[in-house]
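The block underneath contains the structure these notes are about, expressed in structure tokens.
Each reported figure results from applying straightforward, stated rules to the coordinates on display, with no laboratory input. Being a predicted model, the structure only gives us computed values, none of them experimental. Cβ atoms come from the backbone with ideal geometry, glycine included; neighbour counts cover every protein chain shown.
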């Protein structure tokens, strides 16, 4: 998901998206540790999406 799509969401939906991304990251880390993860780039993309969501949440909080 790109930043433009995330900025269009409200704060509650963005928090839900962040929780989903954190759960996905956890699952990917477990798969990597058990050597079941085929696409290791997905872990990096998920981490970047988490950072993007947190940044946008912070920006929305400071503008209020």
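For residue 8 and residue 35, a Förster radius of 30 Å and the Cβ-Cβ distance give a FRET efficiency of 0.20, rounded to the nearest 0.05. Going from the residue with the fewest nearby Cβ atoms within 10 Å to the one with the most, 42, 33 rank 33, 42. Dividing the convex hull volume of the alpha-carbon atoms in the chain by its residue count gives 68 Å³ per residue.
Taking other C-beta atoms within 10 Å as the exposure proxy, 29, 44 rank 44, 29 from fewest upward.
Compared with the dominant Cα axis of the chain, that is its longest principal axis, helix 11-33 is turned about 10°. Note on the chain: helix-only mean residue ellipticity at 222 nm, from DSSP H runs of 4+ residues weighted -39500 (n - 2.57) and normalised by residue number, equals -27500 deg cm²/dmol.
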